[in-house]
Every structure is written in C-alpha cells, then in structure tokens.
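Written out below as structure tokens is the structure these notes cover.
Read-outs: derived from the displayed coordinates by stated rules, not from any lab. Note that the structure is a prediction, hence the values are computed from the model and not measured. In this analysis, Cβ positions are derived from the backbone assuming ideal geometry, glycine residues included, and neighbour counts consider all displayed protein chains.
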Amino acid sequence: MARVKICGLTRGADLRAAVDAGADAVGVIAEVPVDSPREVDAATAAELLADVPPFVTATLVTMPESAERAVELLRTVAPDAVQLHGEWTPDEIRYIRAETERKVLLAVDADDPARAEEFDAVADALVIDSTDESGAGGTGETHDWERAGDLADRLTSPVVLAGGLTADNVAEAVRAAGPFAVDVASGVELSDGRKDHNAVARFVANAGREMELA
C-alpha cells in the first residue's frame, strides 16, 4: 500500500478532511514564483501545519529563491518536512538539511531520470512529477508510470509519484510504478484550492487497492 500525501491545502477544514481520511502526509504551498490558487503566505502555512496531529507528516511545499531563504521559511513555518521544487545543487540540499534538521523531498521531472539519480544520495525522497519549464509541479498531467517504476527500482531513495493523479487512476498508478507514496493536489479538488472531501477519501482508499489489481 502506497502512503498518501494530500497537497495544496488552503483551509483548515480541508486539512482535517485529509487527516480524517487517513492521509499519511499533508502539504501546504508557500512562496512559489508561479501563479497558483493553492499558494498561501508563510504565516497561514505555519498556522495550518501547526494543526497537523502526531504521526501525520506536515510538509511545506515551496520554491524559494535561495537555500538561505529556504532555511528562513522552514524556521518560520516549522514543518516536519519540506518539498522543494526548482533548480538546486546537491550542496544546497545538504545545506538545507544540515541547517534545519528537516527531511528534504526534491521534485524532479519524470522525463529527467539523470537528475533523479544525481540527487539519489542527497535528498530524503524524490518526487517524480510532471513539471513545467520553471521546475514547478502541479501541472495536473500524468507521465509514464512504468518508466517511473523502472526509475524507482534503480534508486535507493523513496520515490513519491505525482502528476495528474486522481481517485480514479491512483490504484493503477501504484500498481504500475510501485512507489513509496503518491501525491495529489488538483486531482481531488472541487475548484482551485478547495478540496472535494469525498474525492480525498476515495483517493486515500484507492491508493491501497493496487494489490487487488495485481
């Protein structure tokens, strides 16, 4: 059974719905240089993530302009983990981990396996996503799950599968890729930034159905 992260939360009610549905992690997006209806300011991110109960990973999803700014954000928001998008060097990832003592997940494009392999020994987990030219995720587009599974087999870091996942396709995605976890944002929304609580519950449940399909 793949672990589940519900991302792009902007409201306390949606966060509670994700937790009640059994999500293993929740994500709040702050400080990204792209226009996103799921982005909140750092103070709101801190407030939302402060309400995450024990044994659920509170994750800040961000794309700051520098490693130093990433450290500042982590000290302000105080999440359990950070998911970084954009262009980073291995040394910057090491610096962020050392300065904050937080788990660092790095988003890499599904079409760039060499980058995933470069950061395999540096990041705590790799998020295999469909990204845009800026390196941001949240495109809502799927990618080749079989190729993602082949990549996951070569990596030692846990792989988080993202990109175009929904309650209807997540079981097949997990069966094909065999990821450590799956990550969803737009695929469980009523409208931009507002989650469909029924879809969230179905997504979490269906992420565990891959054994039935195998």
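Between Arg94 and Arg154, what FRET efficiency follows from the Cβ-Cβ distance if R0 is 30 Å, with the result rounded to 0.05?
Computed FRET efficiency for Arg94 and Arg154 comes out at 0.85.
For a footprinting-style exposure proxy, rank Val159, Val32, Val104 by other Cβ within 10 Å, fewest first. Before the final figure, lay out the partial values.
Values: Val159 26, Val32 19, Val104 22.
Ordered from fewest to most neighbouring Cβ atoms within 10 Å, Val159, Val32, Val104 come out as Val32, Val104, Val159.
Show me 173-182, 34-43 ranked by packing, highest mean number of other Cβ atoms within 10 Å first.
Most protected by this proxy first, the peptides run 173-182, 34-43.
For a label point 7 Å from the Cα of Lys103 along Cα→C-beta, name the residues of the range 15-31 whose backbone N is under 12 Å from it.
Of the residues in the range 15-31, 24-26 have backbone N under 12 Å from the label point off Lys103.
How long is the gain from Asp51 to Ala13 if the chain were fully straight, where each residue apart is worth 0.36 nm and the alpha carbon distance is subtracted?
Using 0.36 nm per residue and subtracting the Cα-Cα distance, I get 12.6 nm.
Compute the FRET efficiency between Arg147 and Glu87 as 1/(1 + (r/R0)^6), taking r as their Cβ-Cβ distance and R0 = 25 Å, and round to the nearest 0.05.
Working: r = 22 Å, r/R0 = 0.89.
The calculated FRET efficiency here is 0.65.
For the chain, what is the relative contact order in percent, using Cα pairs closer than 8 Å and at least 6 residues apart in sequence? Don't skip to the end; give the middle numbers.
Values: 464 pairs, mean separation 45.6, N = 214.
The value is 21 percent.
Given a Förster distance of 41 angstrom, what is the FRET efficiency for Asp41 paired with Asn169, based on the Cβ-Cβ distance and rounded to 0.05? Kindly include the intermediate steps, with their values, before the conclusion.
Working: r = 32 Å, r/R0 = 0.79.
Approximately 0.80, to the nearest 0.05.
Which one, (i) 1.02; (ii) 0.96; (iii) 0.92, gives Cα Rg over 2.2 N^0.38 Å as derived from the coordinates shown?
(iii)
Determine the calculated [θ] at 222 nm for the chain from helices alone, applying -39500 (n - 2.57) to every DSSP H run no shorter than 4 residues and normalising by the residue count; nearest 500 deg cm²/dmol.
Working: 9 runs with 79 residues, N = 214.
Estimated from H runs of four or more residues: -10500 deg cm²/dmol.
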